[in-house]
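This report refers to the structure that appears directly beneath it.
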Amino acid sequence: MKLTDTREIKAAPQVVWDAILNPEMLKECIPGCESLTGSIADGYEAVVKQKVGPVSATFTGLVQLSDIVPGQSLRISGEGKGGVAGFAKGGANVSFEPMEGGTRLTYEAEANVGGKIAQLGSRIIDSFAKKLADEFFTRFQEAVEDPEPELETATEEAVADSDEKKKGWFKRLIGG
C-alpha cells in the first residue's frame, strides 16, 4: 500500500531540514513512541506502542534515515516486532522544496505487516497506515510551525521576568 501527501510548512527550509534530522523531534512525532535512542549513522532503536483494531502491541525495532541529500530529500524507514501480534515495517521518501512563506514537504509512504495483525484485513491495515503517516506529518508540521503552543502562557511570565526572548523547545535545540 502506498500513500502520498504534501504539506506546506510555514518555516524556512533549513529549519524544516534540521527538524527532520533531530531525534527528539522524531520521537515526539512518531505516534506511540516511548523511546528512541541511537544516531543518524547507526539508526535509532525505538519502542512504539500501538493498537490496531482489537490488537495492542509494543513494537521494538529500528528506525533509519537513509538516502540523505542535504536540504532536499531523505528516506525514513522502520521495522519492528510486536511479539505474538506480528511485525510491521514501512518507510517514507520525503522531499523538501522551498516555497514562498516556507517549505513544501512531500512524502510517499508504504507499510507492510505480518502475523496476527495481518489477519485483521487489508482495509483496517490500510486505514491504520494512512492514519499513522498522517499523524506523524501533522505532528511534525505543528511542532515546526508552533514549537510550544501548550506552554505559551505558562512561560510568558518567566520570560518577562528574565527579559529574554521566549524560544520554543525546538528552537532552543537548533539554536534558532
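A few comments on the model shown:
- Cβ-Cβ distances below 9 Å connect the following pairs, each with a first residue in the range 125-140 that is within 23 Å of Gly115 (Cβ to Cβ), a second residue that is in a helix (DSSP H, G or I) and among the β-branched types (Val, Ile, Thr), and a separation of six or more residues or different chains: Ile125/Ile117; Phe128/Ile117.
- Residue check, Glu100 in contact (Cβ under 8 Å) with a residue 24 or more places away in the chain and either on the phi < 0 side of the Ramachandran plot or not polar (S, T, N, Q) (or both): no
Every residue, every condition in (1) within 29 Å of Ser122 (Cβ to Cβ); (2) β-branched (Val, Ile, Thr), yes or no:
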{"position": "Thr4", "(1), (2)": "yes, yes"}
{"position": "Pro23", "(1), (2)": "no, no"}
{"position": "Val52", "(1), (2)": "yes, yes"}
{"position": "Gly78", "(1), (2)": "yes, no"}
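- Residue within the range 14-37 that is in contact with a helix residue (DSSP H, G or I) (Cβ under 7 Å, 6 or more places away or on another chain), small (Gly, Ala, Ser) and part of a strand (DSSP E or B) present: no
- Output for the range 128-151, where each listed residue is exposed (fewer than 14 other Cβ atoms within 10 Å of the Cβ) and either under 14 Å from Ile76 (Cβ atoms) or over 16 Å from the mean Cα position of the chain (by Cα) (or both): Pro149, Glu150, Leu151
- The listed residue being among the acidic types (Asp, Glu), within 24 Å of Gly80 (Cβ to Cβ) and modelled with pLDDT of 90 or more, out of Glu97, Glu108: Glu108
- Among the residues listed as Thr58, Thr103, the single one being at pLDDT 90 or above and either closer than 19 Å to Trp17 by Cβ or of a type outside the set (Phe, Trp, Tyr) (or both): Thr103
- Among residues of the range 74-89 being touching an Asp or Glu at 6+ places or on another chain (Cβ under 7 Å) and either at positive phi or modelled with pLDDT of 90 or more (or both), the one that is surrounded by the most Cβ atoms within 10 Å (Cβ to Cβ) is Leu74.
- Any chance Lys49 is touching a strand residue (DSSP E or B) at 6+ places or on another chain (Cβ under 7 Å) and farther than 15 Å from Gly82 by Cβ: no
- Inclusion of Gly115 among residues that are modelled with pLDDT of 80 or more, surrounded by 12 or more Cβ atoms within 10 Å (Cβ to Cβ) and not acidic (Asp, Glu) is warranted.
- Total residues in the range 40-73 satisfying the condition of being in a strand (DSSP E or B), of a type in the set (D, E, K, R) and either free of Cβ contacts under 8 Å to residues at least 24 places away in the same chain or on the phi < 0 side of the Ramachandran plot (or both): the figure is 3.
The values are calculated or read from the model by the stated rules, or taken from the named source; none is laboratory data. Worth saying up front: this structure is predicted, and the values here are computed from it rather than measured. Every residue, glycine among them, receives a Cβ derived from its backbone with ideal geometry; neighbour counts consider all protein chains shown.
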